[in-house]
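J.: My questions all concern the structure below.
The values are calculated or read from the model by the stated rules, or taken from the named source; none is laboratory data. In this text, all values refer to a predicted model and were calculated from it rather than measured experimentally. Using ideal geometry, Cβ is built from the backbone for each residue, glycine included, and neighbour counts are taken over all protein chains shown. With ligands, DNA and RNA removed, areas are computed over all heavy atoms of the protein, side chains included. Shrake-Rupley method; radii C 1.70, N 1.55, O 1.52, S 1.80 Å.
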Amino acid sequence: MIKANVSLGYSSWKKKLKKPENYIKAKLKKLSKYSLLKNKKHEFTIFLTNNSKMKKLNKKFRKKNKSTDVLSFPTNEKVYIGDIALSFEIIDKRSKLTNFNFEFDKMWLHGYLHLIGYDHKKIKDFEEMKRKENLIL
């Protein structure tokens, strides 16, 4: 079973996702169908925040003094696999061309794939990660 803790750090998220915990829980049930990890029992946290906090996190952990859409902080543990932080403003802005839930799903899923070991440093890795994202979405 995959479990996500949802931490609300910016109130505007509630305008788009009335009950973020329930939304994520429903999505994780669907995600459980995909055999992405050998250990299907794991947990992570999704931190729903804003550009200001994302900029601080990005500067502290990646030495980049700008906001970003998603940050992932994997652990080396088997059960608690890490944290994902998401920026409301960036996802909301992108959703003007699609819809908010779709953009939100793309970003938290992208962060989740990083937590379980995917990256996109090389082109072939980028293509594999993108293929996984598209398959799940």
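J.: Quote the accessible area belonging to Lys41 in square angstrom, nearest 10, computed with a 1.4 Å probe and with ligands, DNA and RNA left uncounted.
T.: Surface open to solvent at Lys41 totals about 140 Å².
J.: Over all alpha-carbon pairs in region 40-86, figure out the percentage whose distance exceeds 14 Å.
T.: Value for region 40-86 (Cα pairs over 14 Å): 50 percent.
J.: If you don't mind, another one. Quote the FRET efficiency, to the nearest 0.05, computed for Lys40 versus Leu137 with a Förster distance R0 of 22 Å and r equal to the Cβ-Cβ distance.
T.: Once rounded, the FRET efficiency stands at 0.65.
J.: In square angstrom, what is the accessible area per residue of region 14-78 with a 1.4 angstrom probe?
T.: For region 14-78, the per-residue accessible area is 72 Å².
J.: Determine the alpha carbon to alpha carbon distance for each of Lys15/Lys130; Lys27/Lys64; Lys63/Lys121; Lys30/Lys130 and list only those over 21 Å.
T.: Where the Cα-Cα span goes over 21 Å, the pairs concerned are Lys15/Lys130; Lys27/Lys64.
J.: Taking all protein chains as present, what is the carbon and sulfur share of the accessible area of region 84-128, in % to the nearest whole number, probe 1.4 Å?
T.: Values: 1370 of 2420 Å².
Ligands and nucleic acids excluded, carbon and sulfur reach 57 percent.
J.: Cα extents of the chain along the three principal axes, largest first, in whole Å?
T.: The Cα atoms of the chain stretch 36, 33, 29 Å along their principal axes.
J.: I would also like to ask the following. Within region 104-137, what residues put their amide N at less than 16 Å from the label point 7 Å along the Cα-to-Cβ vector of Lys33?
T.: Label zone hits: 132-137.
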